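Undergrad: Dropping the structure in here first, questions after.
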Amino acid sequence: MDPQQRISTRRRSMVLTAAAAGAAALTQPLSVLAQGADEIVIGGSIPMTGVFAFAGVGINAGIQDYVKIVNDAGGIKGRKVKYVPEDTGYKVDVSVAAFKKITSQNKVNLYYGDSTGFAKTINPELDRNGSILMCGASFATELNDPKKYPHQFLVGPDYTEMFGILLKHIAKEKPGAKVAFVYSDSEFGRDPIDSSEALAKKLGLSVPIKIMTPAGSVDVSTEVIKLRRAAPDYTIFHGYILAPIPEFITQGKQQGMQSKWMGTFWTMDSSTVMKMGPDGDGFMGVMPFRYYYDTEKAPMLEKIRAMRPEYQSTAYTQGFLAAMLLLESAKRTLEANKPLTGDNLKAALNTIKDFDTGGLIGVPITISGNSIPVGRVYRADMKAQKMVAASDWIKL
């Protein structure tokens, strides 16, 4: 083979190698190649399986639907939105691995986290990364601290604010009432208890008893006897989803208790409350959003009902609203011609003042810190199989 021929053979193999590399690049997900400035990515640690799957499935559908609405309307400042979720099974280590995987494969500016544990664990990484604004399923009071958690926010009131909304309602309905707190022996359960006891006293209410039980406890007969002796006018449950709330109510009623029974967000989905059966009639609690079937004017709910004619859970609404607020922050940042950094996105979120969520929350909202301190008390009507409003919207 003469030298000339050798060179052309080598050149041909180089050209072929380059072509092969080009072809290989095309088999990469196009999203990774074409992303750059064109897409706004929402990553998600979503518990599609495991103990919290009932919420994860709803959250995932809510985020998907809002992203579809935005993309169908042309995106944000001409950019399409891409949602990249991973199932976490509601485990912190799996959630952290999902975060690393999603952020290594995409340029992520917005993120949805599945738990308080994850929010706290990933916080130093968010600060280091500097380009992500995050919210999630947690309403932990600790996260409601812009200094400690500068790139995170809560999609609603924190747990202490939820108690505040309930206590304000109680103080108005029955001044001087006795209020019992029943909560789970978990970080979630203990979160609002001490500060809420102080607030109750400030509102002229008394807290004659606080009862802590294991998270999914079934035998609560001894606790019910203690509760009956304290004779509260209201009993607030926190740190549970369903069990042991029905057991407390049924046994309490059998023993002649006259207490009104209340819960916080994760107990208040319509399908959860309806599982309490006839004894759950009149059960009340705090809800930051409107229910799927609410009849008051809410154009965004009408859109949701048109997209999904069957009942959607309050977790769905929480995911939907999370996507709305994350993307509103991105929109405001881009409109101000600023780069999508964590600081800029959070600053943009904090310019949200008297914002209309399309009626998902019944009053315009303002986000001055890390939470949305608004909610309403709803009551279970077992005959109608619905939650009905028991108060106006309460702002703290």
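Undergrad: Pairs of Cα atoms under 8 Å, at least six residues apart: use those to get the relative contact order of the chain, whole percent.
TA: The value is 17 percent.
Undergrad: Let me ask something additional. Could you sort out which of 172/260; 148/303; 120/226; 178/202; 168/210 sit more than 25 Å apart by Cα distance in this structure?
TA: Details: 172/260 15 Å; 148/303 37 Å; 120/226 36 Å; 178/202 13 Å; 168/210 19 Å.
Distance filter (> 25 Å) returns 148/303; 120/226.
Undergrad: Let me ask something else. With each label point set 7 Å from Cα along the Cα-Cβ vector, what nm distance links residue 97 and residue 194?
TA: Each label point lies 7 Å from its Cα, and together they span 3.6 nm.
Undergrad: Note the listed values (1) 1.00; (2) 1.09; (3) 0.97, then indicate which one is Rg/Rh (Cα atoms, Kirkwood Rh) calculated from this particular structure.
TA: Entry (2).
Undergrad: Using only DSSP helix segments of four residues or longer, with each worth -39500 (n - 2.57), what per-residue ellipticity at 222 nm results for the chain after dividing by its residue count and rounding to 500?
TA: One gets -13500 deg cm²/dmol as the mean residue ellipticity at 222 nm.
Undergrad: Follow-up. Once the Cα atoms of helix 193-202 and of the chain are each reduced to a long axis, what angle between those two axes, in degrees from 0 to 90 to the nearest 10, is obtained?
TA: The helix 193-202 is inclined about 50 degrees to the chain.
Undergrad: Also: Mind giving me the nanometre distance, one decimal, between the label points for residue 338 and residue 148, set 7 Å out from Cα along Cα→Cβ?
TA: Result: 2.5 nm between the two label points.
Undergrad: Hey, another quick one. Mean-square fluctuation check for the chain, GNM, Cα pairs under 10 Å: which of 129, 337, 144 is largest?
TA: Ranking 129, 337, 144 by mean-square fluctuation puts 337 first.
Undergrad: Where does each of 247-255, 113-121 land if you order them by average Cβ count within 10 Å, highest first?
TA: Descending packing order for the listed peptides: 113-121, 247-255.
Undergrad: Using Cα pairs under 8 angstrom and six or more residues apart, how large is the relative contact order of the stretch 226-344, in percent? Before the final figure, lay out the partial values.
TA: On the way: 98 pairs, mean separation 23.8, N = 119.
That works out to 20 percent.
Undergrad: Zone of residue 217 (label point 7 Å along Cα→Cβ, backbone N under 16 Å): which residues in the stretch 240-282?
TA: 240-252
Undergrad: When the chain is modelled as a GNM with alpha-carbon springs shorter than 10 Å, which of 210, 338, 82 fluctuates the most?
TA: Of 210, 338, 82, the Gaussian network model singles out 338 as fluctuating most.
Undergrad: Give the distance, in whole Å, between the Cα centre of the stretch 222-272 and the Cα centre of the stretch 106-123.
TA: Between the Cα centre of the stretch 222-272 and that of the stretch 106-123, the gap is 33 Å.
Undergrad: Could you tell me how many degrees, from 0 to 90 and to the nearest 10, lie between the Cα long axis of helix 314-335 and the main elongation axis, the longest principal axis, of the Cα atoms of the chain?
TA: Around 50 degrees separate the two axes.
Undergrad: Among 228-235, 175-182, how do they line up from the highest to the lowest mean number of other beta-carbon atoms within 10 Å? Mind showing how you got there, number by number?
TA: Details: 228-235: 18.0, 175-182: 20.2.
Taking the mean over residues of other Cβ atoms within 10 Å, the ranking is 175-182, 228-235.
Undergrad: Now a separate question. I'd like the distance separating the alpha-carbon centroids of the stretch 354-369 and the stretch 168-191, in whole Å.
TA: Here the answer is 26 Å between Cα centres.
Undergrad: With everything on Cα atoms, drop me the angle between helix 245-254 and the longest principal axis of the chain, reported from 0 to 90° to the nearest 10.
TA: 10
Undergrad: Got a sec to turn the phi values of the stretch 351-368 into Karplus ³J(HN,Hα) couplings, 6.51 cos²θ - 1.76 cosθ + 1.60 with θ = phi - 60°, whole Hz, x for Gly and Pro?
TA: The phi angles translate into 8, 5, 9, 6, 8, 8, 8, x, x, 5, 10, x, 9, x, 10, 10, 10, 8 Hz.
Undergrad: Express the carbon and sulfur contribution to the solvent-accessible surface of the stretch 216-352 as a percent, rounded to the nearest whole number, probe 1.4 angstrom. Each step should come with its number before you reach the end.
TA: Values: 2680 of 5100 Å².
C and S fraction of accessible area: 52 percent.
Undergrad: What's the FRET efficiency of residue 296 with residue 128 using the Cβ-Cβ distance as r and R₀ = 51 Å, to the nearest 0.05?
TA: Plugging the Cβ-Cβ distance into 1/(1 + (r/R0)^6) gives 0.70.
Undergrad: Sequence neighbours fewer than 8 away in the same chain don't count; with that in mind, list the aspartates and glutamates whose C-alpha is under 16 Å from residue 77.
TA: By straight Cα distance, residue 77 reaches 38, 39, 328, 335.
Undergrad: Still on this structure, please answer the following. Given a 1.4 angstrom probe, what's the average accessible area per residue across the chain, in square angstrom?
TA: 43
Undergrad: I want the antiparallel fraction of DSSP beta bridges within the chain, as a percent rounded to 5. Mind showing how you got there, number by number?
TA: Details: 13 of 45 bridges.
Bridges in the chain that DSSP calls antiparallel: roughly 30 percent.
Undergrad: How high is the relative contact order of the stretch 136-268, in percent, with contacts defined as C-alpha pairs under 8 Å that are six or more residues apart?
TA: Normalised by residue count, the contact order of the stretch 136-268 is 24 percent.
Undergrad: While we're here: Non-local amide H neighbours of residue 215 (under 5 Å, H modeled in plane, Pro and chain starts lacking H): which ones?
TA: Under 5 Å from the amide H of residue 215: 185.
The values are calculated or read from the model by the stated rules, or taken from the named source; none is laboratory data. Bear in mind the structure is a predicted one, so any value in this text is a computation, not a measurement. Note: ideal-geometry Cβ built from the backbone for every residue, glycine included; neighbour counts use all protein chains shown. Ligands, DNA and RNA are stripped out before the accessible areas are found, and what is left, the full protein with its side chains, is counted by its heavy atoms. Shrake-Rupley method; radii C 1.70, N 1.55, O 1.52, S 1.80 Å.
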